[in-house]
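Accompanying notes for the structure given below.
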Amino acid sequence: MSLPRLFTQYPLFATVTTDFFAPEDRHRLFAEKIFPLILRARPALEKACSTKGRPGLEPAVLAKVTLLQFVEGVPDRQAVEMLR
């Protein structure tokens, strides 16, 4: 499979999620409840990835961005800007 190895170490600003957002904030709830479910679905997401060409992007992260884009109701370009 031409996928990168799943990197599970929390980024430097991961603590911001728990310290900055209130317990009922949708971003915190997404990080704590939804994203772990997406990570568990990674084996199924891997099956949709090509084995040819350059290494693909992490399918769990792509699913996360797509879901957040849907929830926010923004087009592709705005989602990319929000991601940056």
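The values are calculated or read from the model by the stated rules, or taken from the named source; none is laboratory data. For clarity, every value in this text was computed on a predicted model and none was experimentally measured. A quick note on method: Cβ atoms are made from the backbone with ideal geometry, for glycine too, and the neighbour counts reach across all protein chains shown.
Selection of first residues in segment 60-84 that are closer than 27 Å to Lys47 by Cα and of second residues that are loosely packed, with under 12 Cβ neighbours inside 10 Å, restricted to Cβ pairs under 7 Å at least 6 apart or on distinct chains, gives the following pairs, ordered by first then second residue: Val65/Leu83.
I'd like the residue in segment 18-46 that is in a helix (DSSP H, G or I) and of a type in the set (Gly, Ala, Ser) and, out of all such residues, is farthest from the chain's Cα centre (by Cα). Per the criteria, the residue is Ala44. Every listed requirement among (1) surrounded by 13 or more Cβ atoms within 10 Å (Cβ to Cβ); (2) in a loop (DSSP other than H, G, I, E, B); (3) modelled with pLDDT of 75 or more is met by Cys49 save one, (3).
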